Every structure is written in C-alpha cells, then in structure tokens.
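The values are calculated or read from the model by the stated rules, or taken from the named source; none is laboratory data. Everything numeric in this text was worked out from a predicted model, so none of it was measured. Glycine gets a Cβ as well: all are built from the backbone with ideal geometry, and neighbour counts include every protein chain shown.
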Amino acid sequence: MRIITKEIRKLFRIKPAAILVIFTAVFIRLFLSIAGTGWNYVNSPSDVDFYRELAAQFGPELTTDEWDAFMAKRQSMIDEFNAAISQDKILQKNGIDTFDKCVEARSALVSGDGSYTNKDELSDEINRIIFYDSVTSPMYFKLQIMSEFVHFKGMTFWGSKTQDEIFKKDTVSSEQYKKRYTELVNSNSVSLIPSAVTRTVDNDFSRMVILSAVWCFIMILPYQIGERLKGVRELQISSKTGRSIFGKQAFACALTGLFTGGLLSAIYAVLLYRKGAFDFLDCVIIPNMRIIYWFDLTYRQYLLIYLAVFLISSVAAAILAYLVGRLSVNYIAGLGISIPTAAGLCAAVSKFGYMPFYAHAALIDSFVKILLTVGLCAVCSAAAAVMLKKDKVRDIL
Amino acid sequence: MRAFRFELKKLLNDPLMWVLPALFVGFDFFIVFHEVGMSDFRRDVKEMHGIILENDTTCEKISVLTGSANVLEAYYAGYVNGYSQSYDSLDMQDIKQMKEDTGSFHPSGSYKEFIDSNYDKLQMRVEEIKVSGDSAAAFYPGDGFAIHGKLYSLLKLCIIEMLIMMCFSVLYLMDFERINHTEDFVFSCECGRENMLTKLLAGLFLGHGYSAMILLSSLLFFFSFVPMKGLWNTPVSSFMVMEHSGLWEYPFITFVPLNFGQLLMLSIVTATLLALLIGLFAGALQLFLHNSYITMVSISAGYFGLLALPFAVRKADWIKTIVALNPAELWAQCGRWFIENYLALSFAWSEWWTLGIWTVVGAVFLLVGWRYFRRKDF
C-alpha cells in the first residue's frame with residue numbers, strides 16, 4: 001500500500017497539475033453548456049425557473065388529481081396576459097385580444113398565411129410582446145410551457161389507448177418500444193422536469209470524457225516515459241521485487257484515473273448545483289413523448305448512471321495512458337500514440353455512454369450501450385493485465 | 001547542410017513520424033467520405049454540376065428549369081428564384097447593428113468609428129459586387145450542398161493536424177540529445193549548441209512536408225468527389241455560395257474580389273504560415289524549457305487560453321480587436337477568412353495582420369530563447 005501511495009504521489013506533480021488546472025478552467029468555460037450564464041435548449045431564460053415553480057407547487061409529477069389546479073393556474077395567467085395586451089392598439093386593429101389569438105396570429109405570420117392589414121407592423125409588435133416586453137415576454141413563455149402540457153394531455157396522456165390504436169400502421173418500431181410507449185401514454189402522471197437539464201448533461205458528457213482523458217494522459221504519460229529514459233526500468237526488471245512494482249504502478253494509475261474522474265465529477269456537480277438542476281432530482285426524466293427511456297429513471301438515478309460510466313471511462317483512460325507510457329520510447333512518441341488512442345477511447349465512450357437507456361423505436365438497446373462501455377474498459381484492463389503478466393517473465397536482455 | 005541532412009534523416013527514420021500523418025490522412029479520408037463520398041451525394045453533386053454548367057442564373061434559363069420534372073433542376077431553379085434578391089436590400093450597417101444587438105457588443109468613441117467605417121467600406125464592396133455581376137454567378141446551391149462549409153471544416157481539421165505534426169517535428173529533433181543522453185557532449189561546445197538552430201530549421205522544413213502531405217491528400221480526396229471544373233472562377237460573393245450560419249442569412253462579403261479558387265489558395269497559404277508560426281513558437285519555448293513534453297503541453301494549453309481570451313474580454317473596445325488578433329482565434333475563424341464575419345475583425349487582411357504581429361513576437365521570443373540557451377550551464 002505504501003508503494004501505491006508513493007506512486008500516486010509521483011503522478012501528481014506540480015507543473016503538469018498547474019497547467020491542467022488552467023486548461024480545465026478554460027475548457028469548462030469554452031465547451032461545457034453548464035458553464036454558460038443561462039440554460040441552453042430552452043425557449044426563454046425563465047423557462048427552468050418556471051418548471052421549478054411548478055415542481056414546488058405540484059411536486060415532481062403532475063397527476064390527474066392536480067390537473068384542475070394546474071388549469072386554474074393557467075387560466076389566471078391567461079387572464080393576466082390578456083389584460084396586459086388589451087391596451088395594445090396594433091393588436092386591437094387586427095382583432096387580437098387573447099393569448100390564443102396571439103399564438104394563432106404568430107404562426108399565421110410565420111407561415112405567410114392570415115389576412116392581416118399591415119403584416120410587417122403586426123409582426124414587429126408581436127415579436128416585441130413575445131421577446132422584448134419585460135411584462136408580457138415571461139408570461140408568454142410560461143404559458144407556452146403550460147400549453148405544451150395541455151397539448152400532451154390532449155394528445156396522449158391519461159387516455160386508455162391500446163397498443164394497436166397508437167401504432168396502427170407502424171411496422172418499424174419494435175414490440176418492446178410499442179409496449180413502453182403505450183405504457184407512457186396511459187400513465188396518469190407527467191414529469192415536471194425541463195428537458196434542458198437532461199440535454200445539458202447529455203451534451204456535456206462527451207466533453208467531460210475528453211477532459212478526463214486529457215488529465216489521465218498528461219499526468220501518467222511523462223512519468224512512465226521518464227522512467228524508461230532514466231534507465232529505471234532495467235533496475236526494476238532485474239529483481240522479482242522490482243517486477244512486482246509494475247502491477248502496483250498500474251493499480252496506482254487506475255486509482256489516479258478514479259480520483260481524477262471523481263474530482264471532475266465533483267466540479268461538474270457544483271456547476272449543476274449552482275444552476276439549480278438539483279431541484280429536479282426526484283423528477284422522472286421523461287418530460288414529454290419526444291424523448292423516452294426504457295425505464296422511469298429519476299434525474300438522480302440518471303446522474304448516477306452517468307457518474308458510473310464516467311468513472312469507468314476515467315479508469316480506462318488511465319490504464320490506456322499507462323500502456324502507452326510503457327510502450328513509448330520517448331516523449332514525442334508517447335504524445336503521438338496518445339492522440340489516436342485517447343481520441344478512439346473518447347469517441348467510443350461518448351457514443352456508447354450517450355443518453356443511457358434512451359428508447360429507440362427500432363432497436364432494443366437498453367443495456368447494449370452500457371455493456372459496450374463496460375466492455376471497452378474491460379478490454380483496456382485485459383491489455384494491461386497481459387502486459388503485466390509478460391513483465392513477470394520478460395528477459396532483461 | 002550536412003548536419004541539416006542528418007537531422008532530416010533522424011526524423012524520417014522514426015516510424016511514428018510516418019504512422020501519425022498516415023493516421024491523420026486516414027481520419028480525414030473518413031470524414032471526407034462521410035461528408036461528400038456517399039453514393040447519393042455523389043450522384044446528386046455530379047448531376048448538379050452538369051446543371052450548373054449548362055445553366056447560369058439568368059431569368060431565361062431559370063424560367064425554363066422552373067417547371068422541370070427533374071428534381072434537381074427544379075431545386076436549382078427554386079433556389080435561384082428564392083435567393084436571387086439577396087443583394088437587393090443588403091445593408092451592411094443593418095447587419096452590423098443586428099450583430100451588435102445580439103452579441104451585446106456596443107462600442108463607443110474611436111472604436112465605434114472604426115467599426116462603422118469598416119462596415120461603410122463593406123457596403124461599398126456590396127455595391128461593387130452588384131455592379132460587377134459577381135453577386136449572381138452560378139455555383140452549387142449553398143444550403144443544399146454546403147460545399148464551402150464542408151471544405152473549410154476539413155481545412156480546419158487539417159490545420160490542427162498540421163500544427164501537431166509541425167510541433168512534433170521541431171520538438172523531436174530539439175529534444176533528441178536529451179532523450180538519447182548525448183547533450184553533455186553536444187552542448188559542451190559552441191558548435192554543438194549552434195546545431196540547435198539547424199534542428200529547428202530541419203524540424204520546420206519537414207513539418208511543412210508533413211503538413212503538405214496531409215493537406216494535399218485530404219483536399220485531393222475531397223475534390224475527387226466534388227467536380228469543380230468550370231467553377232473555380234465563381235466569385236465567393238455570389239448568392240449561390242452563401243450558406244446559413246445560425247441567425248445569419250446573407251452572402252459572403254469578401255473584403256477584396258475573390259473567386260473560389262483564389263480563396264482556397266489564400267487559405268492554404270494562411271494555414272501553412274500559421275503552422276510555421278506555431279512551429280517557431282514550439283522551437284522558441286523548447287529553448288527555454290528543454291523538455292519536449294512540457295513544451296507540447298504548454299503550447300496546447302496556451303492555444304486553448306488564446307482561444308478563450310476574446311470571450312474573457314467583455315469590453316467592446318480596442319482591446320477586443322487586439323486580443324482577437326491571435327493564432328488560435330485565426331484558426332477558429334477558418335472558413336470565414338477574408339470574408340466579413342466577426343465585428344472586431346471586420347477589416348481587410350486581419351488574418352495576415354495576426355500572422356505578422358505574432359511572427360514578430362515569435363522572432364523576438366526565439367532570439368531571447370537562443371540567447372538564454374547559448375549561455376545555459378549544462
């Protein structure tokens with residue numbers, strides 16, 4: 001254990017660590033959606049706050065019992081919006097005095113339909129009301145969110161439709177998918193989670209994998225190559241005790257990968273917390289029927305699955321870095337081999353680990369992607385194990 | 001010269017220096033095939049090439065094609081009809097205003113005058129383009145085929161690979177003595193230390209060789225799928241070349257008259273000079289740090305830092321333009337080189353200003369590094 005601790009301490013050297021800290025700060029600022037000032041994948045800056053308000057009032061899910069209260073809230077907001085636009089002369093001229101008429105007029109203007117007198121003037125006014133007016137704009141987007149729930153209620157939820165009714169002419173979707181979809185259609189509740197909080201994590205995941213691979217390679221690689229260049233390897237190989245250090249070094253690298261993964265996950269968790277995403281931890285991650293998953297995972301479970309995949313990929317990156325370090329004859333060779341190796345690992349993990357348990361209509365891939373990620377990491381570990389086994393019998397000459 | 005030849009040999013004898021560019025080229029081929037090599041796209045692009053060569057964008061030709069039963073001919077006609085008025089009400093001051101509003105970029109004082117005058121000049125270019133007829137030259141429909149976008153995405157990828165190969169070539173040679181434990185002998189005399197410059201030159205020379213290999217093979221592969229016969233002279237400012245970019249939908253306004261071929265040649269020259277500049281910096285830094293690994297990591301971190309710098313400066317002032325004139329930002333703008341794009345860099349030849357300024361900085365850095373290295377106690 002003492003040797004493993006010393007090996008880990010050797011890997012965390014000041015100079016590369018300092019460069020990595022700066023690199024991480026810049027990388028997070030430039031490439032992670034979570035680091036931006038607002039949320040991505042939303043229609044307005046106040047969307048997530050409104051979902052939070054709904055979740056605080058109705059709980060993580062909106063059930064059939066709460067539907068009347070929800071509709072009453074919506075009606076009071078519509079009344080407020082109608083009152084706010086009632087004095088608008090341009091809207092009055094075109095007979096627009098309610099929220100519904102405003103929505104209709106907007107879609108008609110976008111599609112080029114509608115018989116309005118001065119289309120440009122009306123279009124500018126509606127845009128002002130929706131995007132720029134400090135009173136009506138937040139109200140419009142809140143009502144848009146509520147309308148989406150109403151739309152899904154009318155279209156799908158809280159019905160008692162059979163599978164055949166829903167998938168009349170569908171020959172593409174698998175039976176499992178049809179079953180899952182029908183189950184969700186007939187569910188008597190709908191999650192109050194904004195899709196932005198899951199999509200942000202989905203899209204940041206691949207970038208976090210790259211970041212952890214950069215950390216692992218930059219910390220582990222120079223140490224292994226340095227040992228070879230300084231002739232330490234020959235000394236280690238000359239005795240049984242020395243050879244046993246290779247295994248400990250590999251283990252220390254794997255622990256370093258785990259630590260790095262944990263550290264980066266903690267940073268990401270802080271960013272998520274600061275943005276208020278943890279308010280939705282108990283919400284199921286299926287906000288509507290556009291993106292569905294095989295299981296009713298809560299946001300907490302979803303984040304934990306991502307965390308597990310991320311930690312596994314960090315350990316795999318560390319083991320790969322150890323392998324590359326052992327095989328490289330000099331620093332440039334090490335960096336040269338690392339580029340395709342790390343890129344391959346990151347591409348594979350990002351592809352396999354992206355949106356775990358996402359239900360695809362034509363595929364039954366609930367566990368396949370997770371298994372592929374674990375399998376990939378198992379291959380890295382097996383390669384390291386083969387190398388370590390060879391070390392035990394390798395001829396010093 | 002003899003030492004230079006031996007340095008080249010060292011590099012050429014390392015298998016990694018062949019395997020890595022081969023991997024890069026293979027990856028580029030994969031990307032190119034994915035973007036333009038699929039059978040459907042190849043068939044469409046070939047057919048569209050024929051349509052473009054047979055028909056220009058004049059009303060007579062287009063009116064004939066409008067009711068055509070051929071899907072691509074009808075699409076071409078529809079595209080021309082849809083976008084032929086792109087220049088009619090194009091006002092660069094309006095574009096500038098929208099960019100300022102959406103980017104919360106509100107300059108004041110002399111900097112505002114500078115930006116305004118840049119966009120006045122661009123408006124004059126718009127008038128010039130309209131008069132010269134460059135605005136309506138025939139090309140692959142920009143949004144449908146995205147030839148410009150795909151080509152310059154490839155170039156952007158190639159530049160990263162070129163920079164890596166350039167740094168590796170320079171650093172491999174400059175760190176060779178340390179790695180092979182011969183520095184005590186080599187650097188013990190003036191002549192041995194001066195050999196470091198030969199290594200730098202050999203690294204830059206061969207780095208260019210690798211860069212040329214990556215760039216040329218990728219571009220040739222790209223153009224083997226995209227027929228360009230008769231289209232090299234199409235002005236880039238034509239509304240047909242225009243591609244959507246987020247909110248923006250207006251033609252590429254080049255600062256000087258440029259056709260597709262000229263823009264590509266200028267971009268290749270700029271990319272090559274950028275690679276040379278980064279190689280120069282890698283060499284200069286190696287003279288200080290004397291460790292190829294730390295040098296490479298520092299160059300990468302510095303590059304990322306420079307990329308982030310314009311985001312960090314929120315003030316709409318001269319400092320915004322000064323920080324934007326950096327090599328990382330130059331790479332990020334690839335695809336819009338010599339074309340109006342970023343408010344802070346809305347003046348002609350900003351790309352070469354960046355290269356010029358940073359070459360001077362690099363040369364000074366190299367001189368100081370050389371002085372330090374010559375006096376260093378080993």
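Within the range A:9-30, at least one residue is more than 21 Å from residue A:191 (Cα to Cα), in a helix (DSSP H, G or I), more than 12 Å from every other protein chain (Cβ to nearest Cβ) and among the charged types (D, E, K, R).
Of A:156, A:136, A:162, all but one fail to be more than 18 Å from residue A:293 (Cβ to Cβ) and modelled with pLDDT under 80; the exception is A:162. Do we have residue B:15 as within 14 Å of chain A (Cβ to nearest Cβ) and surrounded by fewer than 17 Cβ atoms within 10 Å (Cβ to Cβ) here? Here the answer is yes, as residue B:15 does meet what is asked. Remark: pairs (first residue in the range B:100-119, surrounded by fewer than 16 Cβ atoms within 10 Å (Cβ to Cβ); second residue among the small types (Gly, Ala, Ser); Cβ separation under 8 Å; 6+ apart in sequence or on different chains) = B:106/B:316; B:108/B:316.
Please verify whether residue A:297 is touching a strand residue (DSSP E or B) at 6+ places or on another chain (Cβ under 9 Å) and over 17 Å from residue A:9 (Cα atoms), treating the condition exactly as stated. When the stated conditions are applied, residue A:297 passes them. Taking the conditions (1) out of contact with any strand residue (DSSP E or B) (no Cβ under 8 Å at 6 or more places or on another chain); (2) away from chain A (no Cβ under 13 Å); (3) surrounded by fewer than 20 Cβ atoms within 10 Å (Cβ to Cβ); (4) aromatic (Phe, Trp, Tyr) in turn, residue B:255 satisfies each one other than (1).
When the range A:303-332 is filtered for residues that are farther than 24 Å from residue A:369 by Cβ and without any contact (Cβ under 8 Å) to a residue 40 or more places away in the chain, the ones remaining, listed by number, are A:327, A:332.
Exactly one residue out of B:298, B:292 is within 14 Å of chain A (Cβ to nearest Cβ), of a type in the set (S, T, N, Q) and under 18 Å from residue A:24 (Cα atoms): that is B:298.
Can you tell me which residues in the range A:13-60 are in contact with a Ser or Thr (Cβ under 8 Å, 6 or more places away or on another chain) and exposed (fewer than 13 other Cβ atoms within 10 Å of the Cβ)? If the condition is that a residue be in contact with a Ser or Thr (Cβ under 8 Å, 6 or more places away or on another chain) and exposed (fewer than 13 other Cβ atoms within 10 Å of the Cβ), then A:40 is the only one that fits.
The set of residues in the range B:199-208 that are buried (at least 18 other Cβ atoms within 10 Å of the Cβ) and away from chain A (no Cβ under 14 Å) comprises B:200, B:202, B:204, B:208. With the condition being modelled with pLDDT of 85 or more and closer than 30 Å to residue B:224 by Cβ, I'd like the helices (runs of 4 or more DSSP H) fully within the range B:26-139 carrying at least 1 qualifying residues. So the answer is B:39-54, B:71-83. Might you let me know whether the range A:298-319 holds any residue that is under 30 Å from residue B:289 (Cα atoms) and within 14 Å of chain B (Cβ to nearest Cβ)? Taking every residue of the range A:298-319 in turn, none turns out to be under 30 Å from residue B:289 (Cα atoms) and within 14 Å of chain B (Cβ to nearest Cβ). Evaluate the range A:332-341: report whether one residue or more is at pLDDT 85 or above, outside any loop (DSSP other than H, G, I, E, B), more than 18 Å from residue A:297 (Cβ to Cβ) and more than 14 Å from chain B (Cβ to nearest Cβ). Checked the range A:332-341: no residue is at pLDDT 85 or above, outside any loop (DSSP other than H, G, I, E, B), more than 18 Å from residue A:297 (Cβ to Cβ) and more than 14 Å from chain B (Cβ to nearest Cβ). Criterion applied to B:264, B:277 was being away from every other protein chain (no Cβ under 14 Å), touching a Leu at 6+ places or on another chain (Cβ under 8 Å), in a helix (DSSP H, G or I) and within 20 Å of residue B:153 (Cβ to Cβ), and the one residue passing it is B:264.
Against the condition within 14 Å of chain B (Cβ to nearest Cβ) and free of Cβ contacts under 8 Å to residues at least 24 places away in the same chain, how does residue A:242 come out, does it pass? Answer is no for this residue. Residue B:181 meets each of the listed conditions (1) within 14 Å of another protein chain (Cβ to nearest Cβ); (2) buried (at least 17 other Cβ atoms within 10 Å of the Cβ) apart from (2). Can you name every residue in the range B:147-178 that is over 16 Å from residue B:282 (Cβ atoms), polar (S, T, N, Q) and surrounded by 20 or more Cβ atoms within 10 Å (Cβ to Cβ)? Result: no residue meets the conditions. Checking the stated criteria, residue A:5 turns out to be of a type in the set (S, T, N, Q) and assigned to a helix (DSSP H, G or I). Among residues of the range B:338-357 being part of a loop (DSSP other than H, G, I, E, B) and crowded, with 21+ Cβ neighbours inside 10 Å, the one that is modelled with the lowest pLDDT is B:346.
Set side by side, the residues B:243, B:161 differ, and just one is charged (D, E, K, R), within 14 Å of chain A (Cβ to nearest Cβ) and either in a loop (DSSP other than H, G, I, E, B) or within 18 Å of the chain's Cα centre (by Cα) (or both), which is B:161. Residues in the range A:170-205 that are in contact with a Gly (Cβ under 7 Å, 6 or more places away or on another chain), closer than 22 Å to residue A:28 by Cβ and polar (S, T, N, Q): none. The combined condition, being closer than 20 Å to residue B:155 by Cβ, among the hydrophobic types (A, V, I, L, M, F, W, C), touching a helix residue (DSSP H, G or I) at 6+ places or on another chain (Cβ under 6 Å) and surrounded by fewer than 22 Cβ atoms within 10 Å (Cβ to Cβ), is fulfilled by residue B:221. Restricting attention to the range B:206-225, the residues being more than 20 Å from the chain's Cα centre (by Cα) and of a type in the set (A, V, I, L, M, F, W, C) number 2.
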